[in-house]
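Since the structure comes first, as structure tokens, the remarks are kept for the end.
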Amino acid sequence: NQPIPVGKGIIGEIVNKKEPVLLTSGHTDNRIPHLKSYQLNEVFEIETMMAVPLIYNDESVGVMAVVNKKSGSSFTQNDLTLFNSLAGQAAYAIHNASVYLSLAEKERFDNELRTARDIQTVLLPAHP
């Protein structure tokens, strides 16, 4: 859950190029970081990965990725096609959530302005 600078590593590359990536040999790809799990005190190796950009209205809103297929085999092109179709729905949901949060913030701000106006009306003397 840490932001990755645009253009850094494979995730940044996906954001920039707006193209999915299917990786079958992560331990030989220098774009893949070696992650250490401090809870388990071991290195987490990414062996296989598929990652797709989350795009809404031609704007990247993130990247969705899965690593190390449970069966131990590599992800396939069919897996990537299905995953990419889910990414479109996820990008739409993220956009809708963003719009909802913006509207909620605007409504909260409008309520605060109304409250301030009401307080000011009570405190100011009436015009003769």
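Would you kindly derive the ³J(HN,Hα) couplings of segment 48-62 from the backbone phi angles with the Karplus curve 6.51 cos²θ - 1.76 cosθ + 1.60 (θ = phi - 60°), listing them in order in whole Hz, with x for Gly and Pro?
Residue by residue, segment 48-62 yields 10, 7, 10, 9, 9, x, 9, 10, 10, 6, 6, 10, 6, 10, x Hz.
With the other protein chains left in place, how much accessible area per residue, in square angstrom, belongs to segment 49-128 at a 1.4 angstrom probe?
74
Where the centre of each part is set by its Cα atoms, how far does segment 109-128 sit from segment 55-97, in angstrom?
49
Once a ≥ b ≥ c are taken as the square roots of the eigenvalues of the Cα gyration tensor of segment 70-121, is the result rounded (a/c under 1.5), prolate (a/b larger than b/c) or oblate (a/b not larger than b/c)?
prolate
Taking Lys69 as the anchor, which aspartates and glutamates have their alpha carbon closer than 15 Å to its alpha carbon, excluding any fewer than eight residues away along the same chain?
The reachable aspartates and glutamates, counting only those whose Cα sits under 15 Å from Lys69, are Glu45, Glu47, Asp79.
The values are calculated or read from the model by the stated rules, or taken from the named source; none is laboratory data. Computed from a predicted model, the values in this text were never measured in an experiment. The accessibility values were calculated without ligands, DNA or RNA, using every heavy atom of the protein model including side chains. Shrake-Rupley method; radii C 1.70, N 1.55, O 1.52, S 1.80 Å.
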